[in-house]
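In what follows, a single structure is set out as structure tokens and then discussed.
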Amino acid sequence: MRVLEYEEDLFYYYNGGPGEEINSQLGCYLIRDMVDHFTKLEVNDDEPKGVFYFTHSQMMMLFLTAMRIVQNPIALTATNFRDMDHRNWRISQLVPFAANFAAVFHRCNSSDAPFKVVFYLNENPLIIEGCENEVCDWMQLKKKLDAIATNCSMEVCKKKLSGDFHCIMSALLVLLVASFLASPSVHVLARDVDFCFADEDDPYLYMATKTAYHFVHGGKTRFQTPNCRPVQIWMLATHGTRCPTIQEIDKIVSLTELKEQILQNHEERKEGHMCNRDLDNLRRWRPNEYLSPQRAEVLTPQGVEDMKLLARRLQSNFPELLQPNYFNITSANYKFRATEAHDSMTSFLEGLFASKSAVLLEESSLNDTLLTAYKTCGVWKNEENEGSFENTERSKFNAGPEFQNLLRNVSRRIGFLYNISADRIDAMYDACRYQKAWSVTELSPWCAVFSKEELRILEYREDLDYYYKAGYGRDINTRLGCPLLHDMMQHFWNVARNEMSGEPMGIFYFSDIISLQNLLTTIGINEDQTRLTAYNYREMARRQWRTSIMSSFAANLVAVFYKCHDIKSSNKVIFFLGEKLVRYDGCQVGLCDWEFLKSKFDELASNCKLDVCWKANAATSSFPNSIAILLVCFIVLVRLGYRQL
């Protein structure tokens, strides 16, 4: 499209624009008319209030050329398409349908400059050389325009017309356009490209569990709760943006070889369908410092920023709880505990109280049954090792039409005549989304290999994985969030019974996305009426279970307990997921009666026995081990008895 646009710009540059001197002569008559009207206004108020002319685009071009307001330092030619990306002469902007030019004459209370003129092109103020802040002193401007207007003459046309001027000009323009289309600088653009990611103004940003929190949080909104006072805040958060795992780093670094193959496919074999700008970006890609093995799973600067800004926004939203005086910042008032997200916790603490050591942090055990209950669950771990949670649906989705089409299309786009492996797709996807999460203002060149629809397919594929791994796809997941639910309810119970019970004002936990998803599943947040399967991708486009929204980097669930002036129920609770109000079923615009939540969760939260973790599969898997131990004991006893004899 840009090639075709430039072709037309080139044509009119010489057939109506600055490319031929005659064009400025043909446009000067309108300038003369404007100067005449404005000159009369200097001494005569009887001039009409408005003068309106309607003509065609060719005349508009001639007039703009005569005004010298669309000059380019370098002339447009057939061979400098690449160098003219930021040219002033663009027909699309100068003379679209309904193009218009307006000049407004002003009388001013100033003896130095009593008259001013402002020009508008297509309703946008024009910057004119010699004018200040788009406002021109008429007397100075008049000198320039007079010089143009007084030299208006059709004599040049008579000279040019001798010798079949129009025939010669038409022939020259045809040759010029033909030369442009045949030039080597444009020839590569004739390749059939699918799209150009480098020119994308609205890139797809939802990258499943590797989504940058910057793009999905709801922290810009200030939630007001009239007639209510927050008395306690409880939060579970995941780690901020961090570097890949060591296995992911190995796969991403191996893309260096694939990059060279992609470039060779395009430049030598002429097989690819990526645009030149995307290829140039890919050519410049190198594994950066975040992809060194020693940085595996380390918090990035963006991750530190994620947590600090989250803390400050919460502080702004709940000043009654999170803006205490110095002497109230104690471990009795604020409770902090983390598993693998320790650096995220200390960054959050620094954002909240300006110091990583503001309060004494709680210790977390290796097998933390509160923050990572799933890691201590035999059934969950056995099913994970066997892959049973994903064998049925994700594997079917991989073999289904959406993912197979993605394999074909991406392989063709990057220049392969055969389908590349799913592992390669995963590596490119990780390179794309990790880089976007590290540097939210930059575009990753690896994102260019995927269309928006293909990114949606990859997002759904990961949603499907976690739906069964940690969400509503397996019954056991509704039990694994129980310890965290019990902890939250216990703190709220204490405050509800006695606000002066010595409860902390803030409880802040930091874990991983599986624990967060387990808790959301236990509470019943983001539950769909229809199960996610390998076959309903299209139907689930508006699904609630979207890891991009609920389990991004720095994802969090916040519950706030309020004391309200309400005769029926003075105790209220509001949930926020990613700083967005959760419109929980049974609650009034997200504001839940404490009695309602107690009746809903009391039985579950007061009986958080995870005996389900050691039944069925766990018992079956431990049975052979028990037999083996008994057999060894029997043999030892027999040998001891034999020796005694």
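Conditions first: (1) small (G, A, S); (2) touching a Phe, Trp or Tyr at 6+ places or on another chain (Cβ under 6 Å); (3) in a loop (DSSP other than H, G, I, E, B). A559 passes all but one, so which condition is the exception?
(3)
Residue check: is V304 touching a Gly at 6+ places or on another chain (Cβ under 7 Å) and β-branched (V, I, T)? Even if it seems obvious, please write down each step before you answer.
On the way: touching a Gly at 6+ places or on another chain (Cβ under 7 Å): yes; β-branched (V, I, T): yes.
Yes, satisfied.
Out of curiosity, is F97 on the phi < 0 side of the Ramachandran plot, in a loop (DSSP other than H, G, I, E, B), aromatic (F, W, Y) and assigned by the TED database to the domain that holds P73?
Values: on the phi < 0 side of the Ramachandran plot: yes; in a loop (DSSP other than H, G, I, E, B): yes; aromatic (F, W, Y): yes; assigned by the TED database to the domain that holds P73: yes.
Yes, satisfied.
Only one residue in T256, T330, T346 is of a type in the set (V, I, T), outside any loop (DSSP other than H, G, I, E, B) and exposed (fewer than 14 other Cβ atoms within 10 Å of the Cβ), so which one is that?
T256
Given the conditions (1) crowded, with 16+ Cβ neighbours inside 10 Å; (2) farther than 30 Å from V558 by Cα, and given that N288 satisfies all but one, which numbered condition is not satisfied?
(1)
Restricting segment 315-327 to residues that are of a type in the set (A, V, I, L, M, F, W, C) and out of contact with any helix residue (DSSP H, G or I) (no Cβ under 6 Å at 6 or more places or on another chain), which is surrounded by the fewest Cβ atoms within 10 Å (Cβ to Cβ)?
Once the filter is applied, the top-ranked residue is F327.
Scan segment 58-72 residue by residue and report those that are part of a loop (DSSP other than H, G, I, E, B) and touching a Leu at 6+ places or on another chain (Cβ under 7 Å). Spell out the reasoning first.
Residues of segment 58-72 that are part of a loop (DSSP other than H, G, I, E, B), as a first pass: 68-72.
Once the filter is applied, which keeps residues that are part of a loop (DSSP other than H, G, I, E, B) and touching a Leu at 6+ places or on another chain (Cβ under 7 Å), segment 58-72 yields I69, V70.
Report whether or not D164 is at pLDDT below 75 and at positive phi. Don't jump to the end; show me each part of the working.
On the way: at pLDDT below 75: yes; at positive phi: yes.
Spelling it out, D164 is indeed at pLDDT below 75 and at positive phi.
Regarding A605, is this residue at pLDDT below 90 and on the phi > 0 side of the Ramachandran plot? Quick ask: steps written out before the conclusion?
Details: at pLDDT below 90: yes; on the phi > 0 side of the Ramachandran plot: no.
No: the conditions fail for A605.
What pairs can you find where one residue is in segment 507-536 and within 20 Å of L349 (Cα to Cα), the other is acidic (D, E) and at pLDDT below 95, and their Cβ atoms are less than 9 Å apart, with a gap of 6+ or different chains?
These pairs meet every condition: F510/E340; S511/E340; S511/D368; D512/E340.
Mind checking which residues of segment 65-96 are in contact (Cβ under 8 Å) with a residue 24 or more places away in the chain and among the charged types (D, E, K, R)?
Matches in segment 65-96: R68, R82, R87, R90.
Of the residues A311, A296, only one is buried (at least 17 other Cβ atoms within 10 Å of the Cβ), small (G, A, S), within 30 Å of G506 (Cα to Cα) and touching a residue at least 12 places away in the same chain (Cβ under 8 Å); which?
Working: A296 fails: within 30 Å of G506 (Cα to Cα).
Unique residue meeting the criteria: A311.
Which of the residues spanning segment 545-567 are touching a residue at least 12 places away in the same chain (Cβ under 8 Å) and exposed (fewer than 14 other Cβ atoms within 10 Å of the Cβ)? Lay out the reasoning, then the answer.
To start, the set of residues in segment 545-567 that are touching a residue at least 12 places away in the same chain (Cβ under 8 Å) comprises 545-566.
Answer for segment 545-567, where residues must be touching a residue at least 12 places away in the same chain (Cβ under 8 Å) and exposed (fewer than 14 other Cβ atoms within 10 Å of the Cβ): just H565.
Could you tell me whether any residue of segment 97-109 is of a type in the set (V, I, T) and more than 35 Å from the chain's Cα centre (by Cα)?
Yes, some residue in segment 97-109 is of a type in the set (V, I, T) and more than 35 Å from the chain's Cα centre (by Cα).
If you take the residues of segment 288-327 that are in a loop (DSSP other than H, G, I, E, B) and under 24 Å from F215 (Cα atoms), which of them is nearest to the chain's Cα centre (by Cα)?
T300
Please find, within segment 410-420, the residue that is surrounded by the fewest Cβ atoms within 10 Å (Cβ to Cβ) out of those that are in a helix (DSSP H, G or I) and in contact with a helix residue (DSSP H, G or I) (Cβ under 7 Å, 6 or more places away or on another chain).
As a first pass, look at segment 410-420 and keep what is in a helix (DSSP H, G or I): 410-413.
Now drop any that are not in contact with a helix residue (DSSP H, G or I) (Cβ under 7 Å, 6 or more places away or on another chain), which leaves 410, 413.
On the way: V410: 21, R413: 23.
Taking the candidates together, the pick is V410.
Residues of segment 115-139 being part of a loop (DSSP other than H, G, I, E, B) and either farther than 18 Å from V35 by Cα or without any contact (Cβ under 8 Å) to a residue 24 or more places away in the chain (or both), which ones?
Taking segment 115-139 and keeping what is part of a loop (DSSP other than H, G, I, E, B), we get 122-123, 126-131, 133-134.
The answer is N122, E123, I127, E129, G130, C131, N133, E134.
Taking the conditions exactly as written (farther than 17 Å from Y468 by Cβ and either touching a Leu at 6+ places or on another chain (Cβ under 6 Å) or outside the structural domain of R229 (by the TED database) (or both)), does G524 satisfy them or not?
Numbers: farther than 17 Å from Y468 by Cβ: yes; either touching a Leu at 6+ places or on another chain (Cβ under 6 Å) or outside the structural domain of R229 (by the TED database) (or both): no.
Criteria not met by G524.
When you scan segment 37-57, how many residues do you find that are touching a residue at least 12 places away in the same chain (Cβ under 8 Å) and either part of a helix (DSSP H, G or I) or crowded, with 16+ Cβ neighbours inside 10 Å (or both)?
Within segment 37-57, the first condition is being touching a residue at least 12 places away in the same chain (Cβ under 8 Å), and the residues that meet it are 37-39, 41-42, 51, 53, 57.
Next, only the ones that are either part of a helix (DSSP H, G or I) or crowded, with 16+ Cβ neighbours inside 10 Å (or both) stay: 37-39, 41, 57.
Number of matching residues: 5.
Out of I513, I525, I476, I need the residue that is within 29 Å of Y206 (Cβ to Cβ), of a type in the set (A, V, I, L, M) and modelled with pLDDT under 95. Which one?
Working: I513 fails: modelled with pLDDT under 95; I525 fails: modelled with pLDDT under 95.
Of the residues listed, the single one that is within 29 Å of Y206 (Cβ to Cβ), of a type in the set (A, V, I, L, M) and modelled with pLDDT under 95 is I476.
For the structure I just gave you, tell me whether N72 is among the polar types (S, T, N, Q) and surrounded by fewer than 20 Cβ atoms within 10 Å (Cβ to Cβ).
Details: among the polar types (S, T, N, Q): yes; surrounded by fewer than 20 Cβ atoms within 10 Å (Cβ to Cβ): yes.
So N72 fits the description; yes.
Please state which one of D430, D423 is buried (at least 18 other Cβ atoms within 10 Å of the Cβ) and part of a helix (DSSP H, G or I).
Numbers: D423 fails: buried (at least 18 other Cβ atoms within 10 Å of the Cβ).
After ruling out the rest, the residue left standing is D430.
Quick one: in segment 337-370, of everything that is more than 25 Å from P324 (Cα to Cα) and in contact with a helix residue (DSSP H, G or I) (Cβ under 6 Å, 6 or more places away or on another chain), which residue is modelled with the highest pLDDT?
L370
Take the conditions out of contact with any Leu (no Cβ under 8 Å at 6 or more places or on another chain) and of a type in the set (A, V, I, L, M) and apply them to L282. Does it pass?
Working: out of contact with any Leu (no Cβ under 8 Å at 6 or more places or on another chain): no; of a type in the set (A, V, I, L, M): yes.
Spelling it out, it is not the case that L282 is out of contact with any Leu (no Cβ under 8 Å at 6 or more places or on another chain) and of a type in the set (A, V, I, L, M).
Considering only residues that are farther than 29 Å from C432 by Cβ and among the hydrophobic types (A, V, I, L, M, F, W, C), which ones fall in segment 220-244?
Matches in segment 220-244: F223, C228, V231, I233, W234, M235.
The values are calculated or read from the model by the stated rules, or taken from the named source; none is laboratory data. A quick note: this is a predicted structure, and the numbers were derived from the prediction, not measured. Using ideal geometry, Cβ is built from the backbone for each residue, glycine included, and neighbour counts are taken over all protein chains shown.
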